[in-house]
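To start, the structure itself, in structure tokens.
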Amino acid sequence: MAEGSGPTTATRRARALAATGLLLLGLVAAACTTTPTAPPNQTYKEGRCAGAEGVTVVVDFAPLTDRITVRCALGAQANGYAALTAIGLSYDAGRFPGGICQIDGLPTQGYPYCWTTGGYWSYWKAGSAGAPWVYSGTGPTVDALAPGSVEGWHFAPFANGTATPPRIGTSGPIVP
């Protein structure tokens, strides 16, 4: 090739380097502007639901521990058991259909303690955020839960004699 008739090796290298740099810049820009998406199997979010996003579930572990869990089970839920499963908490009915002996492994003694000497998980409902808690006489297997509804669980020791609602959400907004 005659001198001056085409790009030099240095020029070709510079152009290749510039093209590579532009390509990398484009990839970085694309990565920064993509919208994050929720995991495809996500069934809950932390905190209360916004409007009709799902069913707010409050689990008050007192007096077993001082923990309170508030999560939003996304979408409608078939029943109280389905809502607990959706928010990622395990439960055990302990040979008593329609009731719950343990939630998330508490009380640690399990069955038969929970039904004979310990207590049980009382089940509460509120029509919506801010509504008062109402003890559910039908249990967690009967009613479908519509988005926007609120349900709660609170351990009721037999020694106390009565079940009490979760410590939060009895009035005003449901917040952790």
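The values are calculated or read from the model by the stated rules, or taken from the named source; none is laboratory data. These figures come from a predicted structure and were not determined experimentally. Virtual Cβ from ideal backbone geometry, glycine too; neighbours counted across all protein chains shown.
Residue 81 - would you say it is out of contact with any Lys or Arg (no Cβ under 9 Å at 6 or more places or on another chain), touching a residue at least 40 places away in the same chain (Cβ under 8 Å) and assigned by TED's automatic domain parsing to the domain that holds residue 111?
Details: out of contact with any Lys or Arg (no Cβ under 9 Å at 6 or more places or on another chain): yes; touching a residue at least 40 places away in the same chain (Cβ under 8 Å): yes; assigned by TED's automatic domain parsing to the domain that holds residue 111: yes.
For residue 81, the condition - out of contact with any Lys or Arg (no Cβ under 9 Å at 6 or more places or on another chain), touching a residue at least 40 places away in the same chain (Cβ under 8 Å) and assigned by TED's automatic domain parsing to the domain that holds residue 111 - is met.
Which condition number does residue 165 fail, the rest of (1) in a loop (DSSP other than H, G, I, E, B); (2) surrounded by fewer than 17 Cβ atoms within 10 Å (Cβ to Cβ) being met?
If we test residue 165 against (1) in a loop (DSSP other than H, G, I, E, B); (2) surrounded by fewer than 17 Cβ atoms within 10 Å (Cβ to Cβ), just (2) comes out false.
Can you confirm whether residue 72 is in contact (Cβ under 8 Å) with a residue 60 or more places away in the chain, assigned by TED's automatic domain parsing to the domain that holds residue 151, under 17 Å from residue 166 (Cβ atoms) and not aliphatic (A, V, I, L, M)?
So residue 72 does not fit the description; no.
What are the pairs with Cβ atoms under 9 angstrom where one residue, in region 135-146, is assigned by TED's automatic domain parsing to the domain that holds residue 99 and the other, located anywhere, is charged (D, E, K, R) and assigned to a strand (DSSP E or B)? Sequence gap at least six, or different chains.
Once the first residue is assigned by TED's automatic domain parsing to the domain that holds residue 99 and sits in region 135-146, its partners that are charged (D, E, K, R) and assigned to a strand (DSSP E or B) give 135/125; 136/125; 136/151; 140/151; 143/125; 145/125; 145/151.
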